[in-house]
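For reference, the structure discussed in these notes is given below.
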Amino acid sequence: MMNKMIVSVLLGSLIVSGSLMLNGTAVQPALPDSGMADGKAALPGAGGTSDIKVPVPAGNVESGGEKTYAQLPVTQTANNIEITVHAVRLKADTADFEVTIRNLSDRESIAPDLASISVVTNEGLPGRHSEKVRAAQVNPDFEQAVIQPGKERYGWLSSGAWSEEAPERLTLNVTIRSNSGAEQAFVIPVDCRGLTFRTL
């Protein structure tokens, strides 16, 4: 009887702390404000490409010369770096992107250039106001973050807040630098149709 009570207490504490191991992998605890609004997840579907395509401005290099907007979660991979945007939340002064940055290299460490963060809303959308916001002054989850080869970092990347509460589309821009000095610019277009932003 005593053994059962001890096991129950231990299992309960593991579940509450969010550190329960399943299949040898730590389960990431759900953040209370990670994209939930009105009782519904702010992730429309399981991701996928929408039919929205807009021309890429001169100076950017993407296949086909177009941006293809996709529903969350959105994953992009280039030069041994993978970025997944899981969710977006809009606060009074910042817009926060829940992301995982994976270093697929077996040699070089990487780090996001936080000053490079910017977001463009409603780009190329007739009849809708488009605006660009820059990096937030504080990005604590990734400040001085160095991601070693084969490792990943999970957290929030923050920009300034845009004025419209529910844009139809947005593009997150961020550059990742390696310890060799190489840079990889990521342009991540997100289809926001049907997405209810959590506001704090």
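The values are calculated or read from the model by the stated rules, or taken from the named source; none is laboratory data. Remember, it's a predicted structure, so these values are computed and weren't measured experimentally. Because the Cβ atoms are built from the backbone with ideal geometry, glycine has one as well, and the counts that use them run over all protein chains shown. Areas reflect the complete protein model, heavy atoms only, side chains present, ligands, DNA and RNA absent. Shrake-Rupley method; radii C 1.70, N 1.55, O 1.52, S 1.80 Å.
Annotations
- Output for the range 117-152, where each listed residue is of a type in the set (Gly, Ala, Ser) and touching a residue at least 60 places away in the same chain (Cβ under 8 Å): GLY124
- Count - residues of the range 107-121 that are of a type outside the set (Val, Ile, Thr) and in contact with a Phe, Trp or Tyr (Cβ under 9 Å, 6 or more places away or on another chain): 3
- Any chance PRO32 is closer than 25 Å to TRP162 by Cα, open to solvent by less than 70 Å² (accessible area, probe 1.4 Å) and at pLDDT below 50: no
Results for (1) surrounded by 21 or more Cβ atoms within 10 Å (Cβ to Cβ); (2) closer than 20 Å to LYS67 by Cα, shown as yes or no for each residue.
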site	(1), (2)
SER159	yes, no
ARG169	yes, yes
THR175	no, yes
SER180	no, no
GLU183	no, no
VAL190	yes, yes
LEU195	yes, yes
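- Of all residues in the range 162-200, those being touching a residue at least 40 places away in the same chain (Cβ under 8 Å) and of a type in the set (Gly, Ala, Ser) number 5.
- Of the strands (runs of 3 or more DSSP E) lying entirely inside the range 81-172, those carrying at least 2 residues that are in contact with an Asp or Glu (Cβ under 6 Å, 6 or more places away or on another chain) and closer than 18 Å to ARG193 by Cβ are 81-90.
- Residue check for LEU72: among the aliphatic types (A, V, I, L, M), open to solvent by less than 80 Å² (accessible area, probe 1.4 Å), at pLDDT below 90 and within 21 Å of GLU164 (Cα to Cα): no
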